[in-house]
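Read the structure below first, then the notes.
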Amino acid sequence: MTATADAINVASTLPEQRRILKTAIPGPESVAREAERRANVTDGLGVTLPIFVEQMAGGIIVDVDGNQLVDLASGIAVTSVGSSHPRVVAAVQEQVAKFTHTCFMVTEYDGYVQVARRLNELTPGDFDKRTLLVSTGAEAVENAIKIARTYTGRQAVVTFDHAYHGRTLLTMTMTAKHAPYKRGFGPYAPEIYRVPAADPYRWVGDEQNVAEEAFDRFAEVITTQLGADHVAAVIAEPVIGEGGFIVHAPGFLKRVQDFCRANGIVFIADEIQCGLGRTGDMFASTFEGTEPDLITTAKALGGGLPISAVTGRKEIMDSVPAGGLGGTYAGSPVACAAAVAALDVIVEEDLPRKAKAIEAIVLPRLQELKSTGIVGDVRGRGAMLALEFVRPGGKTPAPEFAGAIAKACHDQGVLVLVCGTFGNVIRLLPPLVIGEELLTDGVDVLASAVRAVAANPPSVSGKSR
């Protein structure tokens, strides 16, 4: 076995970590259960692939029809340590046997403190930190904004094009994409402003100076339109997630951070999707040379259980009076137990290194697909990689291609996700513990689907961008 294979090999609780198709996808039992779902669950949720899951482990999803699918989604970057990792399961079982709930604001427990201590140690920045635990990524972002506004005494919040920060009123307002996240849900929260992201692929300007031009626009908007002394916070995803796995042009975020510090603005990194080993370092902020004042985490933090956090400078975090932060389920004792175990796995098994090994295997395969003429860009870091699909000969987004390719993958038992502001990006988020053979099989299916769609493209419509 090669060193790379060894780097991403993991024992699994399943008999075999391989793709097995016993029925069509979805199978008859999933189809029957989907009918019951339609009769009982709101259609407002939507679904990517209507299969019902029986079991998951490592990089495999087993559905109720006995099919084994390759998981290249990780529950949207949640099960980075693999679904139902034995250490997470054991920690949860032990905690459930002790007690399932007591609000931390009423009576305290060690798990909350342990998670906070670990995040204070792991997040970027050699300064005194404090941590708040809540339940969801959107809740973490909302609290980060509340804390920044309290600390600065200011109201304005600056976000970036293509950003996704959540589905609550405030975070929905901060999210860039209209449909489906905002359509029909207005009016929106006030004092939220948007500036261009340093998107190297779609930058309208000098392609050799994306970081410089994007920063100049950012600074101009704040100084001339908002007033720097009115801005409480600037929030950025170091790798933009739902908006298309966009990696900012090198140097851009460092300049943004320096501008914030010079003007008393809190710089917040939203690492809910890209953090905790996903990009090949513990936090994606490290690649940019930034040390955010506040950083939000969720998804991979709980190993599958709902928990999120805001971690940051002590003087900022402690600016909120006692009682101003919290929630009944904030930092659930069961979720805290899972988070301690998940963090142990991420650190002790060096999952950031495994993310780099995944990149070494997958990225060259994705680059090869640019020769098909429908892949406009290949990008990402670590185990957070993406293909952007365009019409041949330009950069016009082709969401029809992405949709057709995703369906072809699903039909062959490989779960991939579509994302992007234009709905034309396929993102890969495999569990960081996935084995090389399974990973390669999944990418083989994806590559075949891309080539098949390139050879026989679906009909497209719309104007060029």
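The values are calculated or read from the model by the stated rules, or taken from the named source; none is laboratory data. These numbers were taken from a predicted model, which means no experiment stands behind them. Cβ placement follows ideal geometry from the backbone for every residue including glycine, while neighbour counts extend to all protein chains displayed.
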**Meets criteria (crowded, with 18+ Cβ neighbours inside 10 Å and at negative phi) for GLY435** = yes
**Item:** Condition check for THR42: more than 26 Å from ALA408 (Cβ to Cβ), surrounded by fewer than 16 Cβ atoms within 10 Å (Cβ to Cβ) and among the hydroxyl-bearing types (Ser, Thr, Tyr)
**Value:** yes
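Of these, ARG353, ARG365, which one is of a type in the set (D, E, K, R), part of a helix (DSSP H, G or I) and closer than 18 Å to GLY275 by Cα? Before the answer, list the steps.
Numbers: ARG365 fails: closer than 18 Å to GLY275 by Cα.
Going through ARG353, ARG365 in turn, just one is of a type in the set (D, E, K, R), part of a helix (DSSP H, G or I) and closer than 18 Å to GLY275 by Cα: ARG353.
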**Fill in**
Only one of (1) at pLDDT 95 or above; (2) over 20 Å from the mean Cα position of the chain (by Cα); (3) not in a helix (DSSP H, G or I) does not apply to LYS370, and that is (3)
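Just to be sure, is SER332 free of Cβ contacts under 8 Å to residues at least 24 places away in the same chain and small (Gly, Ala, Ser)?
When the stated conditions are applied, SER332 does not pass them.
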**Asked** So which residues in region 156-182 are of a type in the set (A, V, I, L, M, F, W, C) and either within 18 Å of the chain's Cα centre (by Cα) or more than 20 Å from VAL231 (Cα to Cα) (or both)?
**Response** PHE160, ALA163, MET172, MET174, ALA176, ALA179
**Item:** Qualifying residue in region 63-75 (condition: of a type in the set (A, V, I, L, M) and surrounded by fewer than 17 Cβ atoms within 10 Å (Cβ to Cβ))
**Value:** no
**Message:** Please go through region 184-215 and give me each residue that is exposed (fewer than 13 other Cβ atoms within 10 Å of the Cβ) and either of a type in the set (A, V, I, L, M) or under 21 Å from the mean Cα position of the chain (by Cα) (or both), ordered by number.
**Reply:** VAL204
**Message:** Condition first: in a loop (DSSP other than H, G, I, E, B) and either basic (Lys, Arg) or at pLDDT below 95 (or both). Now tell me which residues in region 249-285 satisfy that.
**Reply:** ARG278
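So that you can scan it fast, the table gives a plain yes or no per residue for (1) acidic (Asp, Glu); (2) within 20 Å of PRO238 (Cβ to Cβ); (3) surrounded by 23 or more Cβ atoms within 10 Å (Cβ to Cβ); (4) in the same structural domain as ALA232 (by TED's automatic domain parsing):
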residue	(1), (2), (3), (4)
ARG130	no, no, no, yes
GLU142	yes, yes, no, yes
ILE147	no, yes, yes, yes
GLN155	no, no, no, yes
HIS162	no, yes, yes, yes
THR168	no, no, no, yes
MET174	no, yes, yes, yes
HIS178	no, no, no, yes
LYS182	no, no, no, yes
**Fill in**
Taking first residues from region 224-248 that are among the polar types (S, T, N, Q) and second residues anywhere that are surrounded by fewer than 24 Cβ atoms within 10 Å (Cβ to Cβ), the pairs with Cβ under 9 Å that are 6 or more apart or on different chains are GLN225/TYR193
**Request:** Scan ALA406, ALA402 and give me the residue that is assigned to a helix (DSSP H, G or I), crowded, with 23+ Cβ neighbours inside 10 Å and outside the structural domain of PHE245 (by TED's automatic domain parsing).
**Result:** ALA402
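Given the condition touching a residue at least 60 places away in the same chain (Cβ under 8 Å) and over 23 Å from PRO26 (Cα atoms), answer yes or no: does some residue in region 437-445 qualify? I'd like the intermediate steps shown before the answer.
As a first pass, look at region 437-445 and keep what is touching a residue at least 60 places away in the same chain (Cβ under 8 Å): 437-443, 445.
In the following step, the residues that additionally are over 23 Å from PRO26 (Cα atoms) were identified as 437.
Yes.
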**Prompt:** Tell me, which residue of region 280-322 that is surrounded by fewer than 24 Cβ atoms within 10 Å (Cβ to Cβ) and of a type in the set (Lys, Arg) is nearest to the chain's Cα centre (by Cα)?
**Reply:** ARG313
**Prompt:** Restricting attention to region 217-241, which residues are out of contact with any Lys or Arg (no Cβ under 7 Å at 6 or more places or on another chain) and either outside any helix (DSSP H, G or I) or within 18 Å of GLU288 (Cα to Cα) (or both)?
**Reply:** PHE218, GLY227, ALA233, VAL234, ILE235, ALA236, GLU237, PRO238, ILE240, GLY241
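It is to be established whether one or more residues within region 98-118 are within 25 Å of MET384 (Cβ to Cβ) and assigned by TED's automatic domain parsing to the domain that holds GLY275.
Step one: of region 98-118, the residues within 25 Å of MET384 (Cβ to Cβ) are 115, 118.
Checking which are assigned by TED's automatic domain parsing to the domain that holds GLY275 leaves us with 115, 118.
Yes, region 98-118 contains at least one residue that is within 25 Å of MET384 (Cβ to Cβ) and assigned by TED's automatic domain parsing to the domain that holds GLY275.
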**Fill in**
Within region 56-77, the residues that are in contact with an Asp or Glu (Cβ under 9 Å, 6 or more places away or on another chain) and over 17 Å from ASP441 (Cα atoms) are MET56, ASP63, VAL64, ASP65, GLY66, ILE76
**Complete:** Of (1) over 21 Å from VAL141 (Cβ atoms); (2) assigned to a loop (DSSP other than H, G, I, E, B), GLY327 satisfies every one except (1)
**Request:** Restricting attention to helices (runs of 4 or more DSSP H) lying wholly within region 101-204, give those where 1 or more residues are over 26 Å from ILE265 (Cα atoms).
**Result:** 110-122
